[in-house]
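The structure appears right after this line, and notes come after that.
Any read-out appearing in this document is the output of simple, stated calculations on the displayed coordinates, not a laboratory observation. Given the structure is predicted, the values throughout are model-derived calculations rather than measurements. No Cβ is skipped: glycine too gets one built from the backbone with ideal geometry, and neighbour counts run over all protein chains shown.
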Amino acid sequence: MITRDQKAQQISSLSERFGRAKAAFLVDYKGMNVELVTKLRKALRPVQAEMKVVRNTLALQALKNHPEMESALKDSFVGTNAVIFAYGDPSAPAKTISEFAKEVEILQLKTGAMEGVLLDEARIKFLATLPSKQELQAKLLGALSAPMSKFLGTLQAAPEGFVRVLSAYKEQKEKQGG
């Protein structure tokens, strides 16, 4: 039995996590053993996300400080739940959860919330297909650098062409004179 102070501390901790998270996903982990839960937690760490097994009543209390998330998630806290908090780019944890759910069919992807919008399983899977922020930045950098590299190639080609013309002129003069 946990004390009132421990409950208050857990509510505070959950509230702080909901406040930092850019998105939160609700999963039903019922039937997963400790090894699988640990594997999922380890997979979430590199994508700036964490999984927290929660008591529904405590999670609902923590959500009261975050009305945008509360309106999206409050009706979903039924049964055994774990919340996956996405602190960075939300598409990366969504991708990790979706891939893990394909591998471990016991894991049920219930719902999620991002910027106060309720995400059903289909929306979360769509979010998982989107490129990550790093991939988008790399594509943008490539798109921006392509014209510059072509321009540099053009600038370098002009002197090279001029040198070829001078060389050809020199050879022509040598043939005429020699």
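Worth a mention:
- Cross-link reach is defined here as a Cα-Cα straight distance under 23 Å, omitting same-chain residues fewer than 8 places apart; for K64 the lysines meeting it are K7, K22, K52, K74, K110.
- Sorted by Cβ neighbour density within 10 Å, fewest at the top, the residues M32, M148: M148, M32
- Listed values [x] 154; [y] 112; [z] 175, entry calculated as volume of the Cα convex hull per residue in Å³: [z]
- The chain: relative contact order as a whole-number percent, Cα under 8 Å and 6+ apart: 26 percent
- Convex hull volume of the Cα atoms of region 132-178, normalised per residue: 48 Å³.
- Note on K42: aspartates and glutamates with a C-alpha under 20 Å away, same-chain residues under 8 apart excluded, are D28, E50, D89, E99, E103, E105.
- Converting phi to 3J(HN,Hα) with the Karplus coefficients 6.51, -1.76 and 1.60 and the offset θ = phi - 60°, region 4-14 yields 4, 5, 5, 4, 4, 5, 5, 4, 4, 5, 5 Hz in sequence order, with x at every glycine or proline.
- When the helices of the chain are scored as -39500 (n - 2.57) per DSSP H run of n ≥ 4 and the total is divided over every residue, the value at 222 nm lands at -20500 deg cm²/dmol.
- Taking amide H positions as modeled 1.01 Å from N, with prolines and chain starts lacking one, the residues under 5 Å from L119 and 5 or more places away or on another chain are G112, A113, M114.
- GNM top mover of G142, G116, G31 - the chain, alpha-carbon springs below 10 Å: G142
- Cβ-based exposure ranking for E121, E103, in which fewest neighbours within 10 Å come first: E103, E121
- In nm, spacing of pseudo-spin labels at R123 and K39 (7 Å Cα→C-beta vector): 3.0 nm
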